[in-house]
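The values are calculated or read from the model by the stated rules, or taken from the named source; none is laboratory data. The structure presented is a predicted model; accordingly, all values stated were derived computationally and were not measured. Neighbour counts run over all protein chains shown; Cβ positions are idealised from the backbone, glycine included.
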Amino acid sequence: MIGGAYDDGAWIAEQQELAGNQSVGCGFITWALQEHPQALEQVLARDPAAVFLSFGDPADFVPAIRAANVPLICQVQTLRDAAHAIGLGAEIIVAQGAEAGGHGERRATFTLVPEIADYIARHAPDTLLCAAGGVGDGRGLAAALMLGADGVVVGSRFWASEEALVHPAMLQAAVEASGDDTLRSTVTDIMRGYDWPERYTGRVLRNEFTDRWHDDPEGLRSALVEELPRWQDAVAQGDARIANAFVGEVTGLIRDVKPAAEILRGIVSGAEAALAQRLTF
């Protein structure tokens, strides 16, 4: 998947060229795509493997995706939004719990996944379900499968991989942190100038900056002239005391930085071992 995020299409085009003839999909932040709908047209013209929409109502984009005969993946944070996406014809639902790094809402993975799994069983049994939020090792994959998911979407653990374009100092901060050291906040979005809908907050690694401003977002907005250059410099330098890493509670299970393939093999083998052990009881 190419992470389209807030892009208007220019960066996505570069990534599509780098991908060449490989079959890749593209993910979008749905509310931001409303501002740059041409980016979806551009992606659909390249016959993507799938389109992944998250954070916002996907309804406006479904007709074009359907017309292109491209599979639709919708990430949701509530049962209500899952039912809506299923009604629109999404082939895959990603149930994201609040444990996840980056943006999300309040429901926990452990209860959201089985609730949506039960809904799918009653109303759309051909729909696939993935769990997201808090999955960082084989135990998490095994638990997700037992909760009714068909698979998982893993973010933070692969963020801490050798291939990820992350400053080493930020990775080290995440390796040293526990899940207690994260929080859901609007601070980082204020600093980046992104007007996220109020229902979504971003889980980041706590630091001196969030300790100062988390409870005073209006004060931070008033102090941007002084604080923004300092924060931007910290991002460039990988200064985890000021810049915030988007990482989930699973950071407490991340103890090293490995190649992505090794991480994947470890998650799968760990899940197989966990399931085999439990099935012996």
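Considering (1) within 21 Å of the chain's Cα centre (by Cα); (2) surrounded by 13 or more Cβ atoms within 10 Å (Cβ to Cβ); (3) modelled with pLDDT of 95 or more, the lone condition that LEU228 does not fulfil carries the number (1).
When restricted to residues that are farther than 27 Å from THR201 by Cβ and surrounded by fewer than 19 Cβ atoms within 10 Å (Cβ to Cβ), the stretch 43-68 contains 10. The number of residues in the stretch 23-38 that are in contact with a Leu (Cβ under 7 Å, 6 or more places away or on another chain) and more than 18 Å from PRO71 (Cβ to Cβ) comes to 0. Of the residues making up the stretch 153-212, those that are hydroxyl-bearing (Ser, Thr, Tyr) and out of contact with any Gly (no Cβ under 9 Å at 6 or more places or on another chain) are SER161, TYR194, THR210. ASP81 fulfils the conditions (1) farther than 16 Å from TYR200 by Cα; (2) of a type in the set (Asp, Glu); (3) in contact with a Cys (Cβ under 9 Å, 6 or more places away or on another chain) except for a single criterion, (1).
For ILE263, are the conditions met, namely being of a type in the set (A, V, I, L, M, F, W, C), out of contact with any strand residue (DSSP E or B) (no Cβ under 8 Å at 6 or more places or on another chain), outside the structural domain of ALA32 (by TED's automatic domain parsing) and closer than 23 Å to PRO168 by Cβ? Considered against the rule, which asks whether it is of a type in the set (A, V, I, L, M, F, W, C), out of contact with any strand residue (DSSP E or B) (no Cβ under 8 Å at 6 or more places or on another chain), outside the structural domain of ALA32 (by TED's automatic domain parsing) and closer than 23 Å to PRO168 by Cβ, ILE263 comes out as no. Count of the stretch 186-224 residues, restricted to those that are touching a residue at least 40 places away in the same chain (Cβ under 8 Å) and surrounded by 13 or more Cβ atoms within 10 Å (Cβ to Cβ), is 12. Do we have any residue at all in the stretch 270-281 that's over 23 Å from the mean Cα position of the chain (by Cα), aromatic (Phe, Trp, Tyr), at pLDDT below 95 and not assigned by TED's automatic domain parsing to the domain that holds VAL76? So far as the stretch 270-281 goes, yes, one or more of its residues are over 23 Å from the mean Cα position of the chain (by Cα), aromatic (Phe, Trp, Tyr), at pLDDT below 95 and not assigned by TED's automatic domain parsing to the domain that holds VAL76.
The residue that is surrounded by the fewest Cβ atoms within 10 Å (Cβ to Cβ), among those in the stretch 155-184 that are without any contact (Cβ under 8 Å) to a residue 40 or more places away in the chain and within 19 Å of GLU99 (Cα to Cα), is GLU176. Among residues of the stretch 69-82 being surrounded by fewer than 18 Cβ atoms within 10 Å (Cβ to Cβ) and over 21 Å from HIS103 (Cβ atoms), the one that is nearest to the chain's Cα centre (by Cα) is PRO71. Counting only helices (runs of 4 or more DSSP H) that sit completely within the stretch 1-90, those holding 2 or more residues that are under 22 Å from GLY133 (Cβ atoms) and assigned by TED's automatic domain parsing to the domain that holds ASP126 correspond to 30-33, 79-88. Restricting attention to the stretch 211-234, does a residue exist that is within 25 Å of GLY133 (Cα to Cα), of a type in the set (Val, Ile, Thr) and assigned by TED's automatic domain parsing to the domain that holds THR186? No, the stretch 211-234 contains no residue that is within 25 Å of GLY133 (Cα to Cα), of a type in the set (Val, Ile, Thr) and assigned by TED's automatic domain parsing to the domain that holds THR186. The condition of being among the acidic types (Asp, Glu) and either touching a strand residue (DSSP E or B) at 6+ places or on another chain (Cβ under 7 Å) or under 25 Å from ALA143 (Cβ atoms) (or both) holds for only one of ASP256, ASP216, that being ASP256.
Under the condition of being of a type outside the set (D, E, K, R) and farther than 17 Å from LEU165 by Cα, the residues counted in the stretch 255-274 number 9.
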